[in-house]
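One structure is given below, encoded as structure tokens.
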Amino acid sequence: MPQQHGENLKQAMDALRTHKLRSALTIFGVVLGVSVIMLVAALITGFDHQVQENVKQFGADTAFITKWDQGRHGGPPPLEEIQRKPLTLDDARAIQESCPAVKNVTTFIETDWDAAHTVRTKAGEVTGIDFRGVQANFGVVYANAATLAGRFISEGDDLHKEKVVMLGENVAPVLFPEGNPVGKDVMIDGSDFQVIGVVEKPKGGFGVGDEDRRVLIPFSTFKKTYPSANEISMRMQAYPNMLDQAVDQATEVLRRRRNVPFNGKDNFSIATADQEIETFHSIVGKVALATVILSAIGLLIGGVGVMNIMLVSVTERTREIGVRKAIGAKSGDITWQFLLEAMTLTGAGGLVALILVNGLVILVRVVLKWPGSVPIWAAVLGILVSVSIGLIFGVWPAMKAAKLDPVEALRYE
């Protein structure tokens, strides 16, 4: 029997080589469907890696506190959130003083979410900056705020409202292409600031090719320069293995300070790294569902094409089938001959999809420095699905070939 299957497989390969164009057109749907599966798996793997790296950059045992509900994606916030009162420095101090599980709290301030800011020198200009006012302990609580050159903002800078600034690693070379920017002046929205340091670019990010466009000034300086700014957020650092307790304690403090009723909904949010990952995975789940639907359409088209071509093949080879039966081939042998041919056809489509997607992923990885790759499980699943399509849609043509009467088949012209 294995020898017979080997012979059938050889005949299947011969059929593919004989009808190259027809085979290529037939497996197009299979290639499309399997490619979608593999490509989305590669994207999910790459983005998951970046999310994990990004979370690590925020530091262990930390949580992000804001007045906005987190997990919302796209579009302006609802009116209820807009009308919430902002967080304050006193809120941060209360958390620091009243929560035993909290090691440190840092506060930063921004202007409205749709406000645009520009930093420039005679040599260059950067727009769309990530501009915020920060406290001196910002670099301690945020693991992704390491100083690459110069020094970080100090408590003295914040206390005296000094007009000093730290530039992101990708901002500094644009403004100072000639070299070290420390000690030199920049203009932010028309105001002069002295550069005291450069912030190192985070190693992780949520998007492909992320740039560090941060521009940081002292918290009090920001508040003085932009009196109407009240978009205050916090990063809370808990003692090791006490993050859950810190979140519970901070929640209790903020609910009390913000007058939230006993059974009322929080008018703020506290998000941990695990919650950020869960949010990402929930989005991934929706993407995976859409992938299944899209790939199923492609695979259905490919399967119908395979069945149609195999029926044509049975008709074209009716006399051959009659000869095989006349010299002793059983119905099972004929069935397996055409099933293997259909499975070989769709399996070849799976291999083509694997090659194409791997080539595309490698190109993107090289050009955009993106850590994506086709996971082994996706490659194996893609090949198994493609072969299964040949098996499922090849059953009817194979059974039709097996049921041919040898006498009538030999008379077929």
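The values are calculated or read from the model by the stated rules, or taken from the named source; none is laboratory data. Worth saying up front: this structure is predicted, and the values here are computed from it rather than measured. Methodologically, a virtual Cβ is constructed for each residue, glycine included, from the backbone with ideal geometry; neighbour enumeration extends over all protein chains shown.
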Among strands (runs of 3 or more DSSP E) entirely inside region 172-277, those with 3 or more residues being touching a residue at least 40 places away in the same chain (Cβ under 8 Å) and within 33 Å of the chain's Cα centre (by Cα) are 191-199, 214-218, 231-238, 269-272
Within region 325-360, the count of residues that are farther than 13 Å from residue 382 by Cβ, surrounded by fewer than 18 Cβ atoms within 10 Å (Cβ to Cβ) and not polar (S, T, N, Q) comes to 9
Test: residue in region 303-322 that is free of Cβ contacts under 8 Å to residues at least 24 places away in the same chain and farther than 22 Å from residue 403 by Cβ: no
Scanning region 261-282 for residues that are of a type in the set (A, V, I, L, M, F, W, C) and surrounded by fewer than 15 Cβ atoms within 10 Å (Cβ to Cβ) gives 262
Counting only helices (runs of 4 or more DSSP H) wholly inside region 1-97, the ones holding at least 2 residues that are at pLDDT 65 or above are 20-26, 28-57, 79-82
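Rundown of residues vs (1) surrounded by fewer than 21 Cβ atoms within 10 Å (Cβ to Cβ); (2) aromatic (Phe, Trp, Tyr); (3) modelled with pLDDT of 95 or more, yes/no style:
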{"residue": "177", "(1), (2), (3)": "yes, no, no"}
{"residue": "186", "(1), (2), (3)": "no, no, yes"}
{"residue": "194", "(1), (2), (3)": "yes, no, yes"}
{"residue": "199", "(1), (2), (3)": "no, no, no"}
{"residue": "202", "(1), (2), (3)": "no, no, no"}
{"residue": "233", "(1), (2), (3)": "yes, no, no"}
Restricted to region 143-171 and to residues being part of a loop (DSSP other than H, G, I, E, B) and acidic (Asp, Glu), the residue farthest from the chain's Cα centre (by Cα) is 162
Of those in region 204-231 that are modelled with pLDDT under 95 and polar (S, T, N, Q), the residue surrounded by the fewest Cβ atoms within 10 Å (Cβ to Cβ) is 228
Pairs returned, first residue in region 375-390 that is buried (at least 19 other Cβ atoms within 10 Å of the Cβ), second residue that is among the hydrophobic types (A, V, I, L, M, F, W, C) and not in a helix (DSSP H, G or I), beta-carbon separation under 9 angstrom, 6 or more apart or interchain, are 382/374; 386/27
With criteria (1) among the acidic types (Asp, Glu); (2) under 29 Å from the mean Cα position of the chain (by Cα); (3) closer than 25 Å to residue 237 by Cβ, residue 91 comes up short on (2)
Checking 126, 140 in turn, the sole residue that is of a type in the set (Val, Ile, Thr), in the same structural domain as residue 257 (by TED's automatic domain parsing), within 19 Å of residue 61 (Cβ to Cβ) and not in a loop (DSSP other than H, G, I, E, B) turns out to be 140
